[in-house]
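Just below is one structure, and these are the notes that go with it.
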Ligand SMILES: Nc1ncnc2c1ncn2[C@@H]1O[C@H](COP(=O)(O)OP(=O)(O)OP(=O)(O)O)[C@@H](O)[C@H]1O
Ligand SMILES: [Mg+2]
């Protein structure tokens, strides 16, 4: 499914599209396009990214640079392609048979849509937390240790012991560190061997975050991680996200404007049809949007 | 949704008048019908007509109540049929039990099955069933799971959409057709190439049964694998696990109860398979020598093939012994069935019903 | 940009050598296995010579070559001559597999070649343990290649040097089978070929997780492909062998003939209408068995099957659907429903021969005291019942509750709702289940054998339709034909086999094909309609 594409350097140019059915919209979108400059290196830079599901053109010419060690929020009405864009960043779209991706996404300057990319390596570096919590039907400990075990960083079990390399203690440490990192340690430290499906929804979601931390990623993608949770659990997740930004690059999709305003450093607004309409500092986007449509969306006039 | 009152016969006073009237009338007449059929088959028609009359009247007066009562009786019929099967098999096997005692299941000696001498021991047949089932599952178990994994997790979408229904259709091939192929191809081949002393072998029969159980196992196991939610698999892949690691660590364990149910179903099929073994085996009611010799001339009989090959020449204790063979089969298969339901219930409990 | 030194590269480079080696070796090994299978099925004789060497020895050469190459690949990787990322170990599954192989080889060597006598388990254990250690202890690349390479080299040498050759034979159990060389060589090629292909694929991506994935996928896909191919070959074989006897003597013609004529009074004339008439004669399915027939056919068996299946449907479908409605719509969770559930599953898994025994003891004495269609219908109905209940329940539970609620919100009673909303919505699913059930019982032989089977080669079909008679005495309605024994398609096939296939080969293959067509078309229709209705539900 990997369509390797032209890896030209992202020029400071507006994306140019000519062929589309909704020609007017595109014109408008280009007019509204705002350049966003930031200091420091870009973790991701997407250039002219297009995604189709069959004949359905779900993302149009997305060009965006996402800075390192910060929280980037993606907002926009339902069906505008936020999840689709997120899945492009760790190539989870490869798993959707109908999806076709064109364009370029660079992670630390390295193209992830070129031939020979090791998806395992990519996903180790770019972790993801899903909309609804999806812990494995295993113990809490096994959930956290899942990634490192699969990558051979931690060996446990009979064979490992026979070969003289049982990493039980390291695993113990890792589990505690990740659970603390996800602000879950206090709640579950006494029942690490219980089935993770016995946790509450909010706990499950934090477990999924802890599980992603255990792989030691550089980026964490979150797709509406709090949508299924109550306000208290949500605020816990929000605090967590802010903490995570010190070490990780976080890209988070949310439907909740206040949430985006509270936790993100910069915000990208997608509008219907799969267009990136505005991108900039969160404060600027929410206080002084350049585009009328974005203002309407943010103030709740449409969407 | 459904209400609870229909299933609870204990709370009769809660039922409305129509239900009570029709229920009483039809229950009495239907019990009489069954009793008449059991005791005086020729007179069955009278209570049956009575039952029809009650139902017809009820339908006219209280349609819903009558429908409910009739459907409840229909539901009860499964229990009645299973009960009757159990009863009749046990009852018919009493004579041979009386004669052989527990020796029916344990007697080992030079002669283990000789209707003329009144010696009936099911040991060779149970052993034959055991061996053919083991061989069949060695063929069908791994191949079945491989087929299910391939169809559900590895094959491209278009291939899956062809393979899945094709496998289900193949599951419908009647066992006598497999028996026929086994008889003319497998038996013939083994006779020719392996210089077997006798036409037929437990090995050949086991392999054919395994092939026969294969599509069923693939189909049921595939359903179980496909039912594992994609979100769970995505969660694993997003952590950098390969698809194979996801399959072994997440998909297969989550589908464990379904996959094991498929295997148990396959074992049940293999145990109860009749026609293929009946036409393929040489019907020697002895124990193989050595016991694991699945190619030799001895021991070529299973519980099912014994019944199918001897019912025509049997009477008295001999026939009773065939029923005893049926009882052994029946109990084994019922145990498997209930066991697999328990496994499934336990798994559902463990998974918390959620995922 | 990435400063973390411990990170691996995002893009894999330098593994292409190993990748090519993996693909070549696995392909070679699978080719060996495939050729072995062909030789086993006698597509060619292993004794034939190709380029001056018998095929059997070529198998040996291939295996030895694969072994050497595999060992070479492992050594190159271990020595660091190519870039690889081997796992710590080749893993427990490979360990178990090769220790089993080691057990077998050790046991055979000890008992057959070295003559250890009863001490052969010692040999087996030693070789098995060594194989286990060789697989599990070394690094992933050596662990994968060393045991499999040695195995392949060893068997290759044994076969290539003619130690195991077509003339060789082995009979481990006196009076049992004899394994000849021309079977043993292809068998070895298949088993060793699969093991080598499995381990060679590990080299893909450098003996790491990617290699494990590739090897597992290879093994699973190859097994699945083999299984599918075998099943398809079986069916095609029946079609090929049965087609000629089934269609023997089929004649048809198009004639211009009289359709009808009538008298028209006003014009005092007869009006005669002619038209094309298709005449069709298919002896195999229209004839019975008789001395003077040009082609002996199976018409009575077909008619018998139709009656048996019809009777079973009439008995089981109302009963099963009613029970399913009660269970899903009225009954809550109670002891009773649990009992019914257990009973239904029990009935579903009860072997068909047990149904036969039950019918023999319960129905036969009560229904005319002899084998009869009626008994057969009831027994098949008992077998159909659990299937109808299970599939109907599935169909009923998949009707969205919103339908029921919507109807109830309009003030419609429960029973009316079931009749007018729930049942129609569930009908496709119920029908599909019934069609599949029919396919199943139409092919059942064992129960028919014990309760309904009559003459194996009848000349006439049972005449059920015209045999109904009313009478004034108790049963009031009688039907002699229903109380007579019958033939049926599966029973007919069984009868031909027991009568000796050689004498009636054509009849046997033709019957098998007709039976297959009947049963599989029920299945095909059932499954196609299920797919259709599911698609429509999703759309
Ligand atoms: N697997 C898929 N197959 C086909 N089309 C899809 C698939 N996933 C998404 N789409 C389509 O792509 C478009 C964008 O979907 P996406 O899920 O990215 O939206 P979203 O912005 O995340 O919406 P929401 O806020 O509701 O989650 C939609 O029109 C959707 O119908
Ligand atoms: Mg979304």
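The values are calculated or read from the model by the stated rules, or taken from the named source; none is laboratory data. Given the structure is predicted, the values throughout are model-derived calculations rather than measurements. Ideal geometry is used to build each Cβ from the backbone, glycine not excepted, and the neighbour counts take in all protein chains shown.
Screening the candidates C:106, C:143 for the property of being part of a helix (DSSP H, G or I), touching a residue at least 12 places away in the same chain (Cβ under 8 Å), in the same structural domain as residue C:57 (by TED's automatic domain parsing) and in contact with a helix residue (DSSP H, G or I) (Cβ under 7 Å, 6 or more places away or on another chain) yields one hit, C:143. Looking at the structure I just gave you, is residue A:227 under 14 Å from residue A:82 (Cβ atoms), at pLDDT 90 or above and either within 16 Å of ligand 2 (Cβ to nearest atom) or not assigned by TED's automatic domain parsing to the domain that holds residue A:173 (or both)? The answer is no for residue A:227. Restricting attention to segment A:49-101 and to residues that are in a helix (DSSP H, G or I) and away from ligand 2 (no atom under 14 Å from the Cβ), the residue that is farthest from the other protein chains (Cβ to nearest Cβ) turns out to be A:94. Of the set (1) surrounded by 17 or more Cβ atoms within 10 Å (Cβ to Cβ); (2) assigned to a loop (DSSP other than H, G, I, E, B), all apply to residue A:228 but (1). Looking across segment C:496-515, the residues that are touching a residue at least 40 places away in the same chain (Cβ under 8 Å) and more than 10 Å from chain B (Cβ to nearest Cβ) come down to C:499, C:506, C:507, C:510, C:514.
Pairing residues of segment A:214-229 that are at positive phi with residues that are assigned to a loop (DSSP other than H, G, I, E, B) and within 16 Å of ligand 2 (Cβ to nearest atom), at Cβ distances under 7 Å and at least 6 apart in sequence or on separate chains, gives A:224/A:131; A:224/A:254; A:224/A:255. If you check residue A:183 against the conditions, is it farther than 30 Å from residue A:274 by Cα, more than 16 Å from ligand 1 (Cβ to nearest atom), free of Cβ contacts under 8 Å to residues at least 40 places away in the same chain and surrounded by fewer than 20 Cβ atoms within 10 Å (Cβ to Cβ)? No: the conditions fail for residue A:183. From the list B:325, B:249, B:238, B:308, the one residue that fits, being at the interface with another protein chain (Cβ under 9 Å from one of its Cβ atoms) and touching a strand residue (DSSP E or B) at 6+ places or on another chain (Cβ under 7 Å), is B:238.
For segment A:133-148, indicate whether the set of residues that are buried (at least 17 other Cβ atoms within 10 Å of the Cβ), within 16 Å of residue B:240 (Cα to Cα) and within 16 Å of ligand 2 (Cβ to nearest atom) is non-empty. Checked against the condition, which is being buried (at least 17 other Cβ atoms within 10 Å of the Cβ), within 16 Å of residue B:240 (Cα to Cα) and within 16 Å of ligand 2 (Cβ to nearest atom), segment A:133-148 yields at least one hit. Would you confirm whether or not segment C:462-472 contains a residue that is part of a helix (DSSP H, G or I) and in contact with a strand residue (DSSP E or B) (Cβ under 8 Å, 6 or more places away or on another chain)? Yes, there is a match, as at least one residue in segment C:462-472 is part of a helix (DSSP H, G or I) and in contact with a strand residue (DSSP E or B) (Cβ under 8 Å, 6 or more places away or on another chain).
The condition (being under 19 Å from residue B:239 (Cβ atoms), without any contact (Cβ under 8 Å) to a residue 40 or more places away in the chain and away from ligand 2 (no atom under 16 Å from the Cβ)) is satisfied by just one residue among A:152, A:165, A:198: A:152. The lone criterion from (1) out of contact with any helix residue (DSSP H, G or I) (no Cβ under 6 Å at 6 or more places or on another chain); (2) closer than 19 Å to residue B:226 by Cα; (3) touching a residue at least 24 places away in the same chain (Cβ under 8 Å) left unmet by residue B:124 is number (2). When only residues in segment A:103-157 that are in contact with a strand residue (DSSP E or B) (Cβ under 7 Å, 6 or more places away or on another chain) and within 16 Å of ligand 1 (Cβ to nearest atom) count, which is nearest to residue C:88 (Cα to Cα)? In this case the residue turns out to be A:128.
Going by the structure shown, is residue C:7 modelled with pLDDT under 95, outside any helix (DSSP H, G or I) and in the same structural domain as residue C:146 (by TED's automatic domain parsing)? Spell out how you get there, then give the answer.
Numbers: modelled with pLDDT under 95: yes; outside any helix (DSSP H, G or I): yes; in the same structural domain as residue C:146 (by TED's automatic domain parsing): yes.
Yes, satisfied.
When each of A:119, A:107 is tested for being surrounded by 20 or more Cβ atoms within 10 Å (Cβ to Cβ), at pLDDT below 90 and either within 13 Å of chain C (Cβ to nearest Cβ) or away from ligand 2 (no atom under 16 Å from the Cβ) (or both), the lone residue that passes is A:119. Checked against the criterion of being in the same structural domain as residue C:72 (by TED's automatic domain parsing), surrounded by fewer than 22 Cβ atoms within 10 Å (Cβ to Cβ) and either part of a strand (DSSP E or B) or without any contact (Cβ under 8 Å) to a residue 40 or more places away in the chain (or both), segment C:148-162 has no qualifying residue. Would segment B:179-186 turn up any residue that is at pLDDT 90 or above, more than 9 Å from chain C (Cβ to nearest Cβ) and in contact with a helix residue (DSSP H, G or I) (Cβ under 7 Å, 6 or more places away or on another chain)? The answer is yes, given that some residue of segment B:179-186 is at pLDDT 90 or above, more than 9 Å from chain C (Cβ to nearest Cβ) and in contact with a helix residue (DSSP H, G or I) (Cβ under 7 Å, 6 or more places away or on another chain).
Yes/no per residue for (1) more than 16 Å from ligand 2 (Cβ to nearest atom); (2) under 18 Å from residue A:187 (Cβ atoms); (3) away from chain B (no Cβ under 12 Å):
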site	(1), (2), (3)
A:207	yes, yes, no
A:210	yes, yes, no
A:237	yes, yes, yes
A:242	yes, no, yes
A:259	no, no, yes
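Checking each residue in segment A:89-98 for being near ligand 1 (Cβ under 10 Å from one of its atoms) and surrounded by 20 or more Cβ atoms within 10 Å (Cβ to Cβ) picks out only A:93.
Determine which member of the set C:216, C:244, C:225 is outside the structural domain of residue C:496 (by TED's automatic domain parsing), farther than 27 Å from residue C:282 by Cα, under 26 Å from the mean Cα position of the chain (by Cα) and surrounded by fewer than 18 Cβ atoms within 10 Å (Cβ to Cβ).
C:225
Filtering segment B:225-238 to residues that are crowded, with 21+ Cβ neighbours inside 10 Å and touching a residue at least 40 places away in the same chain (Cβ under 8 Å) leaves only B:225. Given the options B:264, B:338, name the one that is under 13 Å from the mean Cα position of the chain (by Cα), closer than 24 Å to residue C:350 by Cα, assigned by TED's automatic domain parsing to the domain that holds residue B:146 and free of Cβ contacts under 8 Å to residues at least 12 places away in the same chain. Among B:264, B:338, only B:338 is under 13 Å from the mean Cα position of the chain (by Cα), closer than 24 Å to residue C:350 by Cα, assigned by TED's automatic domain parsing to the domain that holds residue B:146 and free of Cβ contacts under 8 Å to residues at least 12 places away in the same chain. For segment B:198-230, residues that are under 22 Å from residue B:302 (Cα atoms) and part of a loop (DSSP other than H, G, I, E, B) total 4. Among the residues of segment C:112-119, is there at least one that is modelled with pLDDT under 90, more than 18 Å from residue C:187 (Cβ to Cβ) and in contact with a helix residue (DSSP H, G or I) (Cβ under 6 Å, 6 or more places away or on another chain)? Scanning segment C:112-119, I find at least one residue that is modelled with pLDDT under 90, more than 18 Å from residue C:187 (Cβ to Cβ) and in contact with a helix residue (DSSP H, G or I) (Cβ under 6 Å, 6 or more places away or on another chain), so the answer is yes. Residues considered: C:46, C:61. Of these, the only one that is farther than 10 Å from residue C:189 by Cβ and touching a strand residue (DSSP E or B) at 6+ places or on another chain (Cβ under 9 Å) is C:61.
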